[in-house]
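Enquirer: Take this structure first; my questions come after.
Just so it is clear, none of the values below were taken in a lab; they were calculated from the coordinates. Computed from a predicted structure; not experimentally measured. Reconstructed Cβ throughout: ideal geometry from the backbone, glycine too, with neighbour counts over all protein chains shown.
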Amino acid sequence: MQQLTNKRILLGITGGIAAYKSAELVRSLKKAGADVRVVMTSGAMEFITPLTLQALSGNPVHHALLDPEAEAGMGHIELAKWADLLLIAPASANFIARLSQGLGDDLLTTVCLATEAPMALAPAMNQAMWKDGTTQQNIERLQNVKGKSLHIFGPDAGEQACGDVGPGRMLDPDLIAAHCADLFESGLLAGINLVVTAGPTREALDPVRYISNHSSGKMGYAIAEAAREAGARVTLITGPVNISAPERVNVECVSSAREMLESSLEQLPQCQIFIAAAAVADYRPLNIANQKIKKSGDTIELKMVKNPDVVATIAQHEQRPFTVGFAAETQDVEDYARGKLEKKNLDMIVANDVSRTDIGFNSDENAATAIWPEGQQAFAAMSKTTLARQLIDLIAQRYQQYTDLSRTNED
Ligand code: C5P
């Protein structure tokens with residue numbers, strides 16, 4: 001069910017005895033990597049408490065339509081836009097009837113009307129109510145609504161809570177989650193844990209001053225976004241930048257090279273691909289003054305010490321992930337980059353020529369050559385977003401070969 005990684009599922013729970021199974025459904029969806037928010041009808045709250053669903057989903061539960069406070073937080077339109085999929089489970093006969101009439105008299109029905117996301121219903125009701133002609137007509141009517149994509153999951157047949165036997169049981173929560181996963185395409189990096197470092201580092205001199213560089217973070221941020229689009233669970237370890245982080249990415253803010261290393265090592269146990277796009281300061285001041293350094297003579301001497309190499313430390317670690325570095329060079333770009341590939345024990349390095357003023361460091365465009373032990377591939381100048389997508393495709397291919405090779409070596 002890797003397809004559910006990073007997907008946003010809005011789970012609508014309506015009033016029926018199967019509502020207790022929705023707690024398990026939230027767990028299954030979360031386990032598969034989805035971000036879940038819950039909207040409950042008043043009937044649902046008679047069967048299961050919002051607190052249970054809040055604890056399991058990790059998000060506040062939504063209920064009221066006409067509550068100014070709730071609308072100020074995340075109102076029905078925001079919820080409708082937020083969702084990649086609107087899943088109603090259990091969907092009661094009454095709810096299906098209200099939906100088929102286009103009613104918008106509570107939060108869940110208004111979200112259903114307002115969303116452009118696909119919708120799925122997992123009906124749950126007494127077998128006679130399910131077989132009833134009106135319920136069947138309502139389902140048919142919903143399936144024929146133009147412009148909406150509606151899926152019906154189940155119902156299952158068997159023994160019911162009321163003692164009847166027949167169709168009307170809500171499908172098993174794991175099966176509902178699997179059906180949800182089938183609605184999404186699987187990306188090249190589906191379910192992979194990937195870490196990206198980005199931006200500059202700041203090396204403090206005293207409480208108010210630091211040494212840094214002009215890195216904008218744009219390339220690393222674009223890589224993080226492209227990896228997420230490809231289905232990866234992304235952690236972005238970022239130095240201070242002035243751009244917004246992509247959505248659905250776990251962001252760790254750091255300042256110095258040593259903090260970046262510490263944060264990277266923390267991610268290592270669950271990291272399968274590490275991409276180092278940060279412009280890490282090679283040296284830091286030996287001493288950080290406790291007080292602001294005073295203006296005195298005409299010159300000042302600073303003693304600097306070498307910073308740890310983040311990407312090399314990760315690539316040489318016994319738990320090393322597939323590791324990709326970047327190399328900004330001003331001459332003999334490919335030769336220097338290949339040297340760094342070997343020296344730092346990387347699986348791939350992305351080299352670019354920073355002597356060119358039209359592309360690179362602070363610009364929106366970049367050109368690059370990706371180099372790995374057995375080959376290389378050049379990318380002409382293009383937007384950093386497009387380049388990031390193409391690099392992620394290549395990284396996914398190389399990673400696939402790397403894991404296939406590790407498996408063969410283990411056999
Ligand atoms: O050696 P150089 O700085 O050219 O190597 C660049 C690559 O190494 C980049 O991927 C950069 O993020 C990484 N790097 C690092 N830690 C350092 C220096 C560079 O991770 N201290």
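Enquirer: Most exposed first by the Cβ proxy, i.e. fewest other Cβ within 10 Å, how do 372, 130 rank?
Expert: 372, 130
Enquirer: Determine, for 184, 322, the number of other Cβ atoms within 10 Å of each Cβ, and report the residues in order from fewest to most.
Expert: 184, 322
Enquirer: Compute the distance from the alpha-carbon center of region 76-153 to that of region 320-394, in whole Å.
Expert: 49 Å
Enquirer: Turning to a different aspect of this structure: Measuring from centroid to centroid over Cα atoms, what is the spacing of region 195-273 and region 15-65 in Å?
Expert: Rounded to whole Å, the Cα centres lie 34 Å apart.
Enquirer: What percent do you get for the relative contact order of the chain when only Cα pairs under 8 Å and 6+ apart count?
Expert: 11 percent
Enquirer: Measure off 7 Å from each Cα along the Cα-to-Cβ vector at residue 55 and residue 165, then give the distance between these two points in nanometres to one decimal.
Expert: The answer from the label model is 3.7 nm.
Enquirer: For n ≥ 4 DSSP H runs only, could you compute -39500 (n - 2.57) per run for the chain, divide by its residues and tell me the 222 nm figure to the nearest 500?
Expert: -10500 deg cm²/dmol
Enquirer: If you don't mind, there's one more thing I want to ask. Can you sort 48, 392, 223 from fewest to most other Cβ atoms within 10 Å of each residue's own Cβ?
Expert: 48, 392, 223
Enquirer: Please report the relative contact order for region 193-405, taking Cα pairs under 8 Å with a sequence separation of at least 6, and give it as a percent rounded to a whole number.
Expert: Dividing the mean separation by the residue count of region 193-405 yields 20 percent.
Enquirer: Another question about this same structure. How large is ³J(HN,Hα), in whole Hz, for each residue of region 155-168 in order, when computed from phi with the Karplus curve 6.51 cos²θ - 1.76 cosθ + 1.60 and θ = phi - 60°, using x for Gly and Pro?
Expert: These are the phi-based 3J(HN,Hα) values: x, 8, 10, x, 6, 10, 4, 7, x, 5, 10, x, x, x Hz.
Enquirer: I need the semi-axes of the equivalent ellipsoid of the chain: take the C-alpha gyration tensor, multiply each eigenvalue by 5, square-root it, list largest first in whole angstrom.
Expert: They are 51, 24, 19 Å, listed largest first.
Enquirer: Could you tally the net charge around residue 127, taking each other residue with its Cβ under 13 Å from the Cβ of residue 127, Lys/Arg +1 and Asp/Glu -1?
Expert: Net local charge, residue 127 excluded: -2.
Enquirer: Something else: D for region 193-405, whole µm²/s, Stokes-Einstein with Kirkwood Rh over alpha-carbon pairs at 25 °C and 0.890 mPa s: what number?
Expert: Result for D is 139 µm²/s.
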